[in-house]
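The values are calculated or read from the model by the stated rules, or taken from the named source; none is laboratory data. Predicted model, so just to flag it, every value in this text is computed and none were measured. With ideal geometry, Cβ positions are generated from the backbone for all residues, glycine too; neighbour counts draw on all protein chains shown.
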């Protein structure tokens, strides 16, 4: 939705940003991996994807560490949602409205142009491309954006923007259909547009009807209001469970992303609600103040002993403050409660590896195998596998996991060499040797393409 981050077919989006692995404390732009937040966003999105006629399991959703109001789709069925949207949206319907818009782009086939280049691109490359295109649009200069895209003329750039506005209007219309099909009020989408309009005014920006990649925000608000006037679902109230989930997402992100003072201003010490205690526990842990953080997370676990994410937080607090052995108990209980969550299984394995206890290695291996089967993109799990196999003295599997790590990390040359080493060690015809051959073939294909 944001007029600065949209270029037709490569960046069709609605308006909202980025983060990175396991809600750690790296503040640079990147992707966040967090099982709790990912599952909640998936809960928001699945009904919308179904309403759009999409296979919900085929659409990958990424959370981006970026404070701006933005979301976009790129590189096939990949949807990117900024932390800025998740933190600033006051209701789940606002986020759902944005997701519906992005689903409209996917269902409408708006990603046709430049698709070949992006389809197999690494996620980081997609993000970099989007930001580069955003720079051209922000400049409002066809020469700048054209140079980034590949050197198009001012006229071509103007045509591109016109086409983008057409796509955006189509995605807005599709979003309203999907919201009705899921019996969700479109007021969240209207509120999002109003939030976007406020941001444009506060930052001193202005929208030009011909130099914007999106329709004017006032026109979009009018279109949604017209829909609300006739939709039977306009006054549907937020389901309490969705409101609860959204409160947890905001609390977690604010606790991890904002300074302590901001978190305490938002969630004062006298606020005893679960989201408030969650945010404060995270904020104090980030300051290494476990005297305050641990009692807060213990109170959350006492109130909700079967919540794996509270146990995950306690384990993370203890592990990252050198109390590795103490972290194992909450991590184990967490994994028992959510055995199908690869990020959680990987977190437990990390604590087991860092414990230095040889008796933990086989269980760590089991957790890492489960994690990589469920989510092969987890680089940290592949890295930990190399450590475990090395300590166990299993040289063939060590080489194979190193090959996987390098292939998925983008180093095709190292992946090829390590794949050949694994092939030399592993039994002929074994699953590992077959996978090594696949890695070698893929690495060779990438090297040839380069």
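How many residues are in a helix (DSSP H, G or I) and either closer than 15 Å to residue 34 by Cα or under 19 Å from the mean Cα position of the chain (by Cα) (or both) if we restrict to segment 332-347?
Residues meeting the conditions: 8.
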Checklist outcome for this item: For segment 402-440, the count of residues that are assigned to a helix (DSSP H, G or I), farther than 16 Å from residue 389 by Cβ and out of contact with any helix residue (DSSP H, G or I) (no Cβ under 9 Å at 6 or more places or on another chain) equals 1
Checklist entry - Is it true that residue 343 is in contact (Cβ under 8 Å) with a residue 12 or more places away in the chain and surrounded by fewer than 20 Cβ atoms within 10 Å (Cβ to Cβ)? => result no
Item to check | Considering residues of segment 373-388 that are touching a residue at least 24 places away in the same chain (Cβ under 8 Å) and crowded, with 21+ Cβ neighbours inside 10 Å only, the residue farthest from residue 409 (Cα to Cα) | outcome: 388
Item to check | Extreme residue, surrounded by the fewest Cβ atoms within 10 Å (Cβ to Cβ), among residues of segment 75-108 that are more than 22 Å from residue 193 (Cβ to Cβ) and touching a residue at least 40 places away in the same chain (Cβ under 8 Å) | outcome: 76
Checklist outcome for this item: Selection over segment 81-108 where residues are under 14 Å from residue 37 (Cβ atoms) and not in a helix (DSSP H, G or I) yields a count of 3
Checklist entry - Which of the residues spanning segment 54-73 are in a loop (DSSP other than H, G, I, E, B) and in contact with a strand residue (DSSP E or B) (Cβ under 7 Å, 6 or more places away or on another chain)? => result 59, 65, 66, 68, 69
Next on the checklist: Six or more apart or on different chains, Cβ atoms under 7 Å: show the pairs whose first residue is in segment 255-277 and farther than 12 Å from residue 287 by Cα and whose second is loosely packed, with under 15 Cβ neighbours inside 10 Å and modelled with pLDDT under 95.
Outcome noted: none
